[in-house]
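Please treat every number below as a calculation from the coordinates, not as lab data. All of these numbers come straight from a predicted model, not from anything done at the bench. Cβ placement follows ideal geometry from the backbone for every residue including glycine, while neighbour counts extend to all protein chains displayed.
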Amino acid sequence: MNQWISDYIKAQQVAHDSIPVAAVAQLIEKLRVALKEDRQIFVFGNGGSAANASHFATDLGKLASDKVGKRFRVLSLNDNVGWLTALANDYAYEDVFAGQLQNYGTPGDLVLALSVSGNSPNCVKGLEWAKAHGLHTVALVGAKRGRMAEIAEQAIVINDTHYGRVEDAQMGICHMACYAFVEKPELGR
């Protein structure tokens, strides 16, 4: 077991080392502009990526906003069970994010979609709707990249296909995006 744990930690370090620094800086700049222009920020994903989306919205909406002194208007589209189940039941599960964006999204807003495979149908459809309606789009994906990386204006790719390692690295990116404003609050002023 000790060897397996050591090997896992080494593989996790390789995944973290693949985080593209310049791409994360671009994401932080997009968040800075969204804050400055009072734009809405939407984030979503499935499974572990949904949990990461919720965590990111909490950190950006509360922690980063407190430090900057101005509120990020951030919403995880995973967090309203009524919305999700109504859209999934009445339309299809692949419509759960695009359906919400139809109500909330306006041109110039920012969409951040998380998926290890990059092919989650609901994330793909949400990004397609956002792009077609003038929202800025960013995809956080694993090494397979998938359709999401093709659609999004910016793709941040973790060079691994292991779900746990990619999700951990994606949460690291989300934490960097939040803590940039926490530790450098002048970014938001």
Which pairs break 32 Å Cα to Cα here: Lys10/Lys70; Lys10/Lys67; Lys30/Lys144?
-> Lys10/Lys70; Lys10/Lys67
Between Ser6 and Glu186, what FRET efficiency follows from the Cβ-Cβ distance if R0 is 41 Å, with the result rounded to 0.05?
-> 0.50
If you project the alpha carbons of the chain onto the principal axes, what extent comes out on each, in Å, largest first?
-> 50, 42, 28
Would you pull out the residues with amide H under 5 Å of Ile156's amide H, same chain only if 5 or more places away, H placed 1.01 Å from N?
-> Ala139, Leu140, Val141
For the stretch 39-143, what log10 I(q)/I(0) values come out of the Debye formula at q = 0.19 1/Å, with one point per alpha carbon and no solvent?
-> -0.90
With θ set to phi - 60° and the Karplus curve 6.51 cos²θ - 1.76 cosθ + 1.60, what are the ³J(HN,Hα) couplings of the stretch 132-137 in order, to the nearest whole Hz, using x for Gly and Pro?
-> 5, 10, x, 8, 7, 10
Tell me, what ³J(HN,Hα) does each residue in the stretch 115-131 have, in order and in whole Hz, if you take phi through Karplus 6.51 cos²θ - 1.76 cosθ + 1.60 with θ = phi - 60° and put x for Gly and Pro?
-> 6, 5, 6, x, 10, 4, x, 6, 6, 4, 5, x, 5, 4, 4, 4, 5
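Fewest Cβ neighbours within 10 Å first, please rank Met148, Met1 accordingly.
Working: Met148 25, Met1 5.
Sorted ascending by nearby Cβ count, the order is Met1, Met148.
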Which ³J(HN,Hα) values, rounded to whole Hz and listed in residue order, are derived for the stretch 68-84 from phi using the Karplus coefficients 6.51, -1.76 and 1.60 in 6.51 cos²θ - 1.76 cosθ + 1.60 with θ = phi - 60°, glycine and proline given as x?
-> 6, x, 9, 8, 6, 8, 10, 9, 8, 6, 8, 8, 10, 4, x, 4, 4
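Once you keep just the Cα pairs under 8 angstrom separated by 6 or more residues, what percentage relative contact order results for the stretch 2-188? Before the final figure, lay out the partial values.
On the way: 343 pairs, mean separation 48.3, N = 187.
It rounds to 26 percent for the stretch 2-188.
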